[in-house]
1. With a cut-off of 8 Å between alpha carbons and a minimum separation of six or more residues, what is the relative contact order of chain A in percent?
2. May I ask you to list the residues of the range B:1-32 whose amide nitrogen lies under 16 Å from a point 7 Å from Cα along the Cα→beta-carbon direction of residue B:45?
3. Report the percentage of all Cα-Cα pairs in chain A whose separation exceeds 27 Å, rounded to a whole percent.
4. Just to check I understand the Karplus step: with θ = phi - 60° and J = 6.51 cos²θ - 1.76 cosθ + 1.60, what whole-Hz values come out for the range A:143-154, glycine and proline as x?
5. As a test of understanding, state the convex hull volume per residue of the range A:104-159 from its alpha carbons, in Å³.
6. Just to be sure I follow the definition: excluding the sites themselves, where is the longest run in chain B that has none of the GluC sites (Glu not before Pro) in a DSSP loop with at most 16 other Cβ atoms within 10 Å?
7. As a test of the formula, what do you get for chain A when each DSSP H run with n ≥ 4 contributes -39,500 (n - 2.57) and the sum is divided by the residue count, at 222 nm and rounded to the nearest 500 deg cm²/dmol?
8. What whole number of Å gives the distance from the Cα centroid of the range A:131-163 to the Cα centroid of the range B:6-85?
2 protein chains.
Amino acid sequence: MKIDPNSSADLSVQIAQAIKDAIISGELIVDERLPSEAELSDHFQVSRPTVREALKRLAAQSLIRTQRGASGGAFVNRLSFEDAYSQQVTTSTLLLSMNEVSFDTACEARYALERACAPLSAERRSADHLATMRAEIFRQGQPGLTDVAFCDSDVAFHRALVDGACNPVLSYQLAGAVEAMQPLMNMITFTARDRAVITGLHTRIADAIEAGDRSAAVCGLQDLENETRKLAADVFAARAKR
Amino acid sequence: MKIDPNSSADLSVQIAQAIKDAIISGELIVDERLPSEAELSDHFQVSRPTVREALKRLAAQSLIRTQRGASGGAFVNRLSFEDAYSQQVTTSTLLLSMNEVSFDTACEARYALERACAPLSAERRSADHLATMRAEIFRQGQPGLTDVAFCDSDVAFHRALVDGACNPVLSYQLAGAVEAMQPLMNMITFTARDRAVITGLHTRIADAIEAGDRSAAVCGLQDLENETRKLAADVFAARAKR
DNA sequence: GACTTTTAAATGTCAGACAAATGAAATCTT
DNA sequence: AAGATTTCATTTGTCTGACATTTAAAAGTC
């Protein structure tokens, strides 16, 4: 772990990068304890606050965790699927909200990826996944549900569908695509009729998943995508006219 | 922007979260300047180093950027697709390397997602995308290519395929799936015969994309997945016997 | 031997200072 | 007056040194 004294980059950035490289290369392994802040500041010939800023950068990416007290210190963190999942959702959400991504673009990406999961889900889903999907469909039919709650349930339904593929890597990759859409979906108001159509499609998809019918599941998702885009287009058109 | 004085969480964590929330909620908009470190330490009633640690956490996630000098300061950063892309690759790579994800699981996820891109790519790819694919296929046929260079070219080929869908959200989502596989692929040694088979499949896929034949492209990817998994299985079996 | 107390080590926080970069205002030159 | 130069104030980057807090292990006590 070395830093370049001639570099113009901030010291804390360089130090963070040096440690990060050591982790990625395997020089530092999971759960290994890093040298103490005092030792690091000695090693890199910088002050303790500078080392600390570097460590905070790494902590923000869940690459390390710190523990106080004797035998405490900074430890290389095992990046859990959960951590990666939430990072992915945050990044995707901000990306969509800050870059004027059109509804259609985001929607297309989301459903294209989701259709990739459907065949696997149709084959492997557990009873639990199916039960979750049915429960969410039921919830979506409840009268008096707010639009936000309806979207929440929609996400939960799709998440169960994705998780049904029993591939954690796939679930993690899809997290951003599905959940980051929610703020966009929340801009839409759903009429009772819209909800009925969507819930009907959800049922068709759940039926296909239950029957292990891969292509029916994919078709159901395709129809749902078309429906969602049509709905959004209507809402935006109406809003533009006003 | 407020912090809870009764919370047991570290102050810098709380402050980072408060600012992050302000950004997500839209209270702070893109390119807006945050208060200076002195003002923030005053506002939150903490010292400047503590504020700085909080800001470094946010900088590590590309949520803010800082600039020195008069009229400098911390600014809300527009999260670019590029930034998100590289974050995504880092996270995915670490996730795979730290969690004993099987080659098959990662491979399945990758090709499932890539097949989702193929139909779109077959319709929308520009001449550029196609040219890149052809160029990489040519490179893959060069004798004397190292295994690492072969894998590099493989990634470039698939990236062009994905980018051909002309959906930046899709490209971003796929980044992790495709590039994070590279370290796993690098564990495999490719014989000349293996390379010929892979390159042949790449050609089939490129041909399908060029012809706008959606289903042929998907089939080609399916065959490539099967081939890759068979190859990996052979390598691992041979390694286990030794 | 089990419980309590002490202690040392580590991170978390603070205060104050100086260095370096940078844009803007003030000054000087032509 | 216009342009070039200098000065200056502001802000982040870094350093020093100190104290607070947490925590596990060592020492002490019954």
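Values in this text are rule-based calculations from the coordinates and carry no lab data. Model, not experiment: these values are computed from the prediction. All Cβ positions, even for glycine, are placed from backbone atoms using ideal geometry, and neighbour counts span all protein chains on display.
1. On the way: 277 pairs, mean separation 47.0, N = 242.
RCO, chain A: 19 percent.
2. Flagged as within label range: B:1-9, B:11-12, B:14-15.
3. On the way: 14524 of 29161 pairs.
Pairs farther apart than 27 Å: 50 percent.
4. Couplings: x, x, 6, 6, 4, 5, 5, 4, 5, 3, 5, 4 Hz.
5. Values: hull volume 4.4 nm³, N = 56.
Convex hull of Cα atoms, per residue: 78 Å³.
6. Values: sites that count: B:27, B:32, B:100.
Here the longest run is B:101-242.
7. Details: 11 runs with 171 residues, N = 242.
Value at 222 nm, helices only, nearest 500: -23500 deg cm²/dmol.
8. 35
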